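Report on one structure; see the data block that follows.
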Amino acid sequence: MQGLSGSAVAHMAQALEEESRGRHELARGWLARAFRAGEPAALRLLAESLMLRDPIRPREGSEMMREAALQGDARAAFICATIAGQGSDDPARWEQAMEFLDIAARLGSVEARHAGALLGDAASIRAGEARASTVSHALHQSPRIGVCEGFATPAECDWLIARATPRLQAARLYDPASGMGLRETGVRNNRDAAFDICQSDLVLVSLRARMAAMLAINVQQMEPAMVLHYTPGQYFAPHFDGLDPTQAPLAREIAAKGQRIATVLAYLNDEYGEGHTNFPALDWRFKGRKGDALWFWNVGPDGVLDPKTLHAGLAPLGGEKWLLSQWIRAPRW
């Protein structure tokens, strides 16, 4: 924060202190003061807070992020590209997204330049989305499981690994017994990195649009995507992605957010031994090649959790395993 006034520095420090204690509204007040005192990045951080932290005010946050971008914040412009790209059913939104990506690149964002080179243009994104929806084929009928070969390009896979690597942390699970949120557990010991709207990018947005086309669902049904990382000895024990409505905390979550009806797993590399996705109830396992995507419905056509979707992420015997995991919700049945 070289060159800033002492008050701007102090306000930013106080904002970070309040944020670390979970006092989001107080942190927002200090960010606003820091911005008025001459710290331009405070406006972007305030926008992120409004978009991601309770009490969430996404429209206000999006408008503030746009203002930060127009004031010359490259990171804000990069995030605005992601926000605009979420409207995957509107070609004009793709064009707007690419315009913001170009602004971010001109403001000095290296990741924006790399993303732009990887994506090409809006027309190529739309073509890739349509192509992905035509090459998917079913492997099982009950439960419904299928694969899309070549779903992602090698460059897209490498991009996601590079974006996830610096943010990997110990994977956690929701504790349905206590309803106390996420915690580390013996069920899994791998690492992961989640991508909320401010951590995402247009490359991931385009992949999610392909998933939506592939499964004939709306992008808005998707939870934040996650990149999963496994080294030898790391696993995700047999589990269901669908939520058990007989457990009260999960029943409340289903009522509020809908059942987790489907899962897509995209395989981001293939330089590892074994490490299959195992379905023990089917006596069947699958290991995709780099860029392949496996999809399965966690519920039957009636919306009831299918016990045959029990699955596990087996530990690789050598090398590192990288996956993109996408959970999909639906309104309550």
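What the table below lists for this structure:
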{"item": "Considering residues of segment 182-231 that are among the hydroxyl-bearing types (S, T, Y) and at pLDDT below 95 only, the residue nearest to the chain's Cα centre (by Cα)", "result": "S206"}
{"item": "Top-ranked residue in segment 68-78 [being loosely packed, with under 15 Cβ neighbours inside 10 Å and touching a residue at least 12 places away in the same chain (Cβ under 8 Å); ranked as farthest from H114 (Cα to Cα)]", "result": "Q71"}
{"item": "Positions within segment 231-252 being aromatic (F, W, Y) and part of a loop (DSSP other than H, G, I, E, B), in sequence order", "result": "Y235, F240"}
{"item": "Conditions (1) closer than 20 Å to S200 by Cα; (2) modelled with pLDDT of 95 or more; (3) buried (at least 22 other Cβ atoms within 10 Å of the Cβ): number failed by E63", "result": "(3)"}
{"item": "Filtered residues of segment 280-294 (kept if in contact (Cβ under 8 Å) with a residue 60 or more places away in the chain and not in a helix (DSSP H, G or I))", "result": "W284, F286, G288, R289, K290, G291, D292, A293, L294"}
{"item": "Hits in segment 142-170 (condition: aliphatic (A, V, I, L, M), closer than 30 Å to G303 by Cα and either in contact with an Asp or Glu (Cβ under 9 Å, 6 or more places away or on another chain) or in a loop (DSSP other than H, G, I, E, B) (or both))", "result": "V147, A152"}
{"item": "Matching residues, segment 304-319, being crowded, with 16+ Cβ neighbours inside 10 Å and in a loop (DSSP other than H, G, I, E, B)", "result": "D306, L310, L314, A315"}
{"item": "Any hit, segment 176-194, residues being at positive phi, surrounded by fewer than 14 Cβ atoms within 10 Å (Cβ to Cβ) and touching a strand residue (DSSP E or B) at 6+ places or on another chain (Cβ under 8 Å)", "result": "yes"}
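The values are calculated or read from the model by the stated rules, or taken from the named source; none is laboratory data. On a predicted model such as this, the values are computed, not experimentally measured, just so you know. Note that each Cβ is placed from the backbone with ideal geometry, even for glycine, and that neighbours are counted across all protein chains shown.
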